[in-house]
Structures are given as structure tokens and as C-alpha cells.
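Read the structure below first, then the notes.
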Amino acid sequence: MQHEMRAEYEEGSSGRVAGAPVKIWHMVRGNGTTAMCGRELDPDAETQAADLWATGDAGPFCHSCGAMYLREVP
């Protein structure tokens, strides 16, 4: 199964605004908008490749999504 990270923005921000501050990164299955933790995310939210999960290149990360993601990937 393919995964990607999708941004959740600070209150009052939107993915439609370039450079909007990211509150936390969630993991989604495929190119969905429902995070693995159950949170609904904006379809216009920025995305990142799943292989950046838990690296110093991106963050902060949703702990709940991380736990579920690690159970699904080898």
C-alpha cells in the first residue's frame, strides 16, 4: 500500500495559502484525506513523500499516525 504525509495547519491557516504554517504532519493511505489517526485533513493540504517520515527533514509528526504507519510498512 502507498502512503503519503499530509499537513494539518495552524488554526486559521489553509493549504491554499503558500507558506502556511504546518501544525503537524499526518500519514494517509494512498492520496486520501483521512489521516491514519482519524483526523480529516484539507484536500488542498501540502503533501510529502512517506519516506520523509520521522527524518530531520520534515516534522513535527503525529505520534498516532506514526504508530499505525510503522505497523503497515516493512
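The values are calculated or read from the model by the stated rules, or taken from the named source; none is laboratory data. Remember, predicted model here, so these are calculated numbers, not experimental data. Note that each Cβ is placed from the backbone with ideal geometry, even for glycine, and that neighbours are counted across all protein chains shown. Only protein heavy atoms, including side chains, enter the accessible area calculation; ligands, DNA and RNA are left aside. Shrake-Rupley method; radii C 1.70, N 1.55, O 1.52, S 1.80 Å.
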Any pair with Cβ under 7 angstrom, 6 or more apart, that starts in the stretch 47-74 at a residue that is hydroxyl-bearing (S, T, Y) and ends at one that is surrounded by 12 or more Cβ atoms within 10 Å (Cβ to Cβ) and at pLDDT 90 or above | T47/E4; T47/M5; T47/R6; S64/C37; Y69/H3; Y69/M27; Y69/M36
Residues being open to solvent by 40 Å² or more (accessible area, probe 1.4 Å) and of a type in the set (F, W, Y) - total across the stretch 47-74 = 1
Counting only residues in the stretch 36-55 that are under 15 Å from Q2 (Cβ atoms) and among the hydrophobic types (A, V, I, L, M, F, W, C), the one modelled with the highest pLDDT is identified as M36
Filtering the stretch 24-46 down to residues that are open to solvent by 60 Å² or more (accessible area, probe 1.4 Å), in contact (Cβ under 8 Å) with a residue 24 or more places away in the chain and of a type in the set (D, E, K, R) yields R29, R39, D44, E46
Subset of the stretch 13-30, residues under 17 Å from M68 (Cβ atoms) and either more than 10 Å from the chain's Cα centre (by Cα) or of a type outside the set (F, W, Y) (or both), comes to I24, H26, M27, V28, R29, G30
